[in-house]
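Novice: The structure under discussion is supplied below as structure tokens; questions concerning it will follow.
Bear in mind that the values in this text are calculations on the coordinates, not laboratory data. This is a predicted model, so every value here is computed, not measured.
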Amino acid sequence: MIYWITLPLAGIALIVILMTLFRHWKEIRLLKPESIQEERERLTRDQVIQQRFERVKADKLGPIVMLLKRAILYGKTAYHAVYLQLVRLEKYYNQAKTPFAFITPSAKDRIKTLLDDARSLQRDLKWAEAERRYLDVLALDSHNWDAYRGLGGIYLKQKLWPQAKETFEFLLKMKKADDACFAALAEIAEAEGDLVRAEDMRRKAVEFRPRSAHRQSELAAFFLQQAQAGKAWPFAKRAVELDPKSSRYLELSLEAAIILGNRLEAQRRYDKLRLLSEDRPKLQALKEKIEGMS
């Protein structure tokens, strides 16, 4: 049984072999044993020549390659050394620079120190020394407006009206005036008897800082001094609204209400003032004024 199965398979294999030989007969016919031997010898000869060439090249180029490698290595080493040196120099420079900054402060720091000293001396009423500090500031910065304001304040406190006027008008001309500058010019104008200018400057001070109770009260007090309670009332009232815990502003508005004959408003403000003021004689005098109102 097995014989009859394998016989056809052997026949098929024989046919495939014959067909393969038929197809590649031309190549097989050209294939000679001696040609195979020649190819092997040729490959061996090429390998020997290649190896010899490599040895010759290594012998001649070896020193050059080694020299190049050493040069590259030296270059890298030198570059690294220079880089480390630069890093060390920068570190030393930064360390050395800091102490000099403390020894020789910048002009800005110097100005700040002088201004602080001047203000401290001004609070201690040391006018001459404070003035000298402000002048030192102006020697460093001729446009330092804080120094001009400080000088004007010193002259104002000493009632040196011409010097004070010149200083504050300079700030006004340079458009650097603030509410303090306008208030100072108003005080100078009052001292000179120029009430029109004084009122104008007081109003400008209020306009510059409308939420300042102090500036509102200054204008109210000015009008009361001029017997103009009607003009004083709104500013005195506004000062109390901005600072309701100030007995001074409350008393100012109370006086305006009494002069205007507004007993109801005067009584309300007196009741509040009793809770804030401990000046009993003044409270008694105000109470008598209110009781004497019609």
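Novice: Could you work out the Kirkwood radius for the range 163-233, taking every pair of different alpha carbons, averaging 1/r and inverting it, reported in Å?
Specialist: 12.1 Å
Novice: Do the alpha carbons of any pairs in K165/K237; K175/K204; K112/K159 sit beyond 25 Å of each other, and which pairs?
Specialist: K165/K237; K112/K159
Novice: So for the range 169-294, Kirkwood radius off the Cα pairs, Stokes-Einstein at 4 °C and 1.567 mPa s: how many µm² s⁻¹?
Specialist: Numbers: Rh = 15.3 Å.
Value of D from the Cα-based Kirkwood radius: 85 µm²/s.
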